[in-house]
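Chemist: Here it is, the structure in full.
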Amino acid sequence: MKLTKPNLLITDDDRAFRETLRSVLDRFDFEMYLAEDGEEALEIISRHQVHLALFDVHMPRLSGLEALTRMRASGLSLPCILMSAALDEAICDAASKLEDVSVIPKPLKIREISSVVTHLLAKRYGWQAESPAVDRPK
């Protein structure tokens with residue numbers, strides 16, 4: 001069965017950032033869930049089908065890397081994007097050890113985040129964006 005409307009999870013402790021990212025990705029007509037930290041993200045993933053998750057790295061209670069590590073340990077292998085304004089070698093190394101994870105620095109560029117999201121969905125599920133304005137990575 002072809003994926004027609006992907007479900008995305010946006011996790012960031014900054015509410016304005018979550019809402020802005022939702023607005024940016026809204027043009028693709030995704031179903032979107034929003035979480036303020038890794039704990040809430042894991043709760044959402046346990047109750048809803050999520051096709052792609054975006055995690056801020058630095059959050060209270062449970063960081064993006066910790067949430068992603070727990071998700072992988074439970075057997076969930078959906079594509080994920082880690083976002084951070086404070087990327088360092090340790091974060092990149094930890095992310096590289098996890099399956100199907102892209103790392104994007106903040107501040108995000110609209111074209112870049114749109115491209116990475118649509119590319120990961122196309123790669124994993126064969127989903128194609130209806131908008132011809134999206135640039136795909138080469």
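The values are calculated or read from the model by the stated rules, or taken from the named source; none is laboratory data. Because the structure is a prediction, the values reported are computed rather than measured. Cβ placement follows ideal geometry from the backbone for every residue including glycine, while neighbour counts extend to all protein chains displayed. Please note that ligands, DNA and RNA were not included when accessible areas were found on the heavy atoms of the full protein model with its side chains. Shrake-Rupley method; radii C 1.70, N 1.55, O 1.52, S 1.80 Å.
Chemist: With a 1.4 Å probe and every protein chain left in place, work out the accessible area per residue of the chain in Å², rounded to a whole number.
Modeler: 53 Å²
Chemist: Also, quick follow-up: Given +1 on the Cβ of Lys and Arg, -1 on the Cβ of Asp and Glu, and no further charges, what dipole in debye does the chain carry about its Cα centre, rounded to the nearest 20?
Modeler: Values: 18 positive and 22 negative charges, 126 e Å.
Around 600 debye, computed over the chain.
Chemist: Counting only residues 5 or more places away or on other chains, whose amide H sits under 5 Å from the amide H of I81 once H atoms are built in the peptide plane?
Modeler: When sequence neighbours closer than 5 places are left aside, the close amide H contacts are A53, L54, F55, S102.
Chemist: Students often check this: by mean Cβ neighbours within 10 Å, which of 88-98, 109-119 ranks highest, and how do the rest follow? Numbers along the way, then the final one.
Modeler: Details: 88-98: 12.2, 109-119: 17.2.
Ranked by mean Cβ neighbours within 10 Å, highest first: 109-119, 88-98.
Chemist: Could you check what % of the DSSP bridge pairs in the stretch 26-138 are antiparallel, to the nearest 5? Intermediate values should be presented prior to the final figure.
Modeler: Details: 0 of 9 bridges.
Of the beta bridges lying entirely in the stretch 26-138, close to 0 percent run antiparallel.
Chemist: Further, regarding this structure: With all pairs of different alpha carbon atoms counted, what Kirkwood hydrodynamic radius in Å does the stretch 53-138 show? Mind dumping the intermediate values first?
Modeler: Details: mean 1/r = 0.0734 Å⁻¹.
Roughly 13.6 Å, rounded to one decimal.
Chemist: What is the distance in Å between the Cα centres of the stretch 1-32 and the stretch 82-98?
Modeler: 22 Å
Chemist: So, one more: What percent do you get for the relative contact order of the chain when only Cα pairs under 8 Å and 6+ apart count?
Modeler: 22 percent
Chemist: Using the membrane-span-like helix rule (whole DSSP H runs, Cα extent along the own axis of at least 18 Å, mean Kyte-Doolittle hydropathy at least -0.5), which helices of the chain qualify?
Modeler: Qualifying helices: 110-125.
Chemist: Place the peptides 63-74, 14-25 in order of packing, highest mean first, counting for every residue the other Cβ atoms within 10 Å and averaging per peptide. Spell out each step's value before the answer.
Modeler: Details: 63-74: 19.3, 14-25: 15.0.
Ranked by mean Cβ neighbours within 10 Å, highest first: 63-74, 14-25.
Chemist: Of T4, M83, L21, which is farthest along the charge dipole of the chain in the positive direction, counting Lys and Arg as +1 and Asp and Glu as -1 at C-beta?
Modeler: Checked the options; the winner is T4.
Chemist: Using a Gaussian network model of the chain whose springs link C-alpha atoms within less than 10 Å, name the residue from D100, D13, D56 with the highest mean-square fluctuation.
Modeler: Maximum among the listed residues: D100.
Chemist: Just how many pairs of Lys in the stretch 5-138 have C-alpha atoms closer than 22 Å, counting pairs that are eight or more places apart or on different chains? Present the calculation step by step, with values, prior to reporting the outcome.
Modeler: Numbers: K5/K123; K97/K106; K97/K123; K106/K138; K109/K123; K109/K138; K123/K138.
The result is 7.
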